[in-house]
Amino acid sequence: MKNLKPRLVVFSCPWCCFQMADLSGATQLDYSPQVKINIVPCSGRVEIIDLMKTFESGADGVLVLGCLEDKCHHQNGSLTAKRRVSYIKGLLKDIGLGEKRLEMFMLSPSSGPKPEEIIGNMVEQVKGLGSSPIKVKRKT
Amino acid sequence: MIITKQKSLEEIRKMLAGYGKILILGCGTCATVCFAGGEREVAILASSLRMAEKINGKKKTFFEHTVKRQCDWEFLDEIAEKVKAADVVLSLSCGVGVQAIAERFPNSRVLPGIDTCFLGLTAEPGIWSERCDACGHCLVHETGGICPIARCAKGLFNGPCGGSVAGKCEISPDVPCAWQLIIDHLAALGQLDKLEVIQPPKDWRTSHSGGPRKIVSPVREESGEK
């Protein structure tokens, strides 16, 4: 599915990556306009139903970015998010969507992979999975 | 608290086969506390089912609602129209609530979306543990506040069996020996002399072994109301 432009939704806290606020503007980076970045106060703020509704609305993939486990700005928010993501991956498998459409990465703002690299890899991963079978037909 | 656990998505989908309009009904009391059937769980299950059915090419409509509790008629009467409008009600309540719906709306179909497991408490967030067997005649004042029926695998009334090892039950090293707990607690309370009293065989007629049970308030009896 080389020509597929997957609709990827990213939930990210601003602490794990200082540039997240800039990336959401997508002015300097070569992003597909179908990558939507949501800044949340903490990755732990993202509820199970938020991610489920995102898939239900037709997202091809969802990415959650949070702080490293022992460096969460809000103590254990990213750990909570990690557990929720793990649970939802199981749900997505049972539903038939596939667990690979949802991933979570824990980042450090000062080292390790950069968010644009992770987002780029996720776009490629979702391209390989193809369009979501839940796709909602958009009004033209 | 009645401890419940949601059925698997696979089992629920099998039960829903053939139905088009489904009301997923949550319960705002015990099922909410166990993360099995509260408003949040109703929303997550509805979303999961919508996606699963769409992927499988099935056309089903899911309605979501949660009542304070499903075991009181007054809360069920409030949703009478919603129940009648659906082909089936998927109840996320304990067995009591599921049956209450069946009884209150005899012309409606109702399915159990969760399994009723035991009477217990929240030992830690996300961990629920059995504490009561609903035997109908509580004697925990004799055993330091710890029930030997619900917490002892053999339901022994007069001390531990020979299988207790290092304070753990012989059925599993994860299960504490109830009688070790009782002895430790009575010792802490300075009431070890209670163990010198031999408990007679229990009268099980007050438990479910005596058949389905019913309690009538003495106040109601005196007033002669029916």
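The values are calculated or read from the model by the stated rules, or taken from the named source; none is laboratory data. Model, not experiment: these values are computed from the prediction. For neighbour counting, all protein chains shown are included, and Cβ atoms are generated from backbone atoms with ideal geometry for every residue, glycine included.
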Output yes when any residue across segment B:64-75 is under 30 Å from B:A178 (Cα atoms), under 18 Å from the mean Cα position of the chain (by Cα), in the same structural domain as B:Y19 (by TED's automatic domain parsing) and not hydroxyl-bearing (S, T, Y), and no when none is. no
Determine the pairs where a residue that is basic (K, R), located within segment B:205-226, has a partner that is modelled with pLDDT of 90 or more with Cβ atoms under 7 Å apart, the partner being 6 or more residues away or on another chain. B:R213/B:G136
Tell me yes or no: at least one residue of segment B:103-121 is surrounded by 12 or more Cβ atoms within 10 Å (Cβ to Cβ), in the same structural domain as B:T32 (by TED's automatic domain parsing) and of a type in the set (K, R). yes
Given the residues B:C161, B:C177, which is the only one that is over 22 Å from the mean Cα position of the chain (by Cα) and surrounded by fewer than 17 Cβ atoms within 10 Å (Cβ to Cβ)? B:C161
Read through the list (1) touching an Asp or Glu at 6+ places or on another chain (Cβ under 7 Å); (2) within 14 Å of another protein chain (Cβ to nearest Cβ), then give the number of the only condition that B:R13 fails. (1)
When A:H73 is evaluated against the numbered criteria (1) closer than 26 Å to B:I55 by Cα; (2) out of contact with any Lys or Arg (no Cβ under 8 Å at 6 or more places or on another chain), which criterion, by number, is the only one it fails? (1)
Return the total of residues in segment A:88-129 being under 18 Å from A:V10 (Cα atoms) and among the hydroxyl-bearing types (S, T, Y). 1
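Which of the residues belonging to segment B:49-66 are closer than 16 Å to B:A17 by Cβ and within 10 Å of chain A (Cβ to nearest Cβ)?
B:L49, B:R50, B:A52, B:E53, B:K54, B:I55, B:N56, B:G57
Picking from A:C72, A:C67, which residue would you name as being surrounded by 19 or more Cβ atoms within 10 Å (Cβ to Cβ) and more than 15 Å from the chain's Cα centre (by Cα)?
It is A:C72.
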Would you pick out the residues in segment B:63-85 that are surrounded by 20 or more Cβ atoms within 10 Å (Cβ to Cβ) and within 11 Å of B:A100 (Cβ to Cβ)? B:V67, B:R69, B:Q70, B:C71, B:L76
Taking segment B:27-43 and keeping only residues that are within 13 Å of chain A (Cβ to nearest Cβ) and crowded, with 22+ Cβ neighbours inside 10 Å, one is left with B:E41, B:V42
Which pairs turn up if I take residues in segment B:54-71 that are farther than 23 Å from A:S57 by Cα and look for partners that are part of a loop (DSSP other than H, G, I, E, B) and hydrophobic (A, V, I, L, M, F, W, C) with beta carbon separation below 9 Å, at least 6 apart in sequence or on another chain? B:V67/B:I79; B:Q70/B:C94; B:C71/B:C94
Just checking, which of A:G58, A:G77 is modelled with pLDDT of 90 or more and surrounded by fewer than 18 Cβ atoms within 10 Å (Cβ to Cβ)? A:G58
Helices (runs of 4 or more DSSP H) wholly inside segment A:28-139 containing at least 3 residues that are within 13 Å of another protein chain (Cβ to nearest Cβ): A:48-56, A:77-95
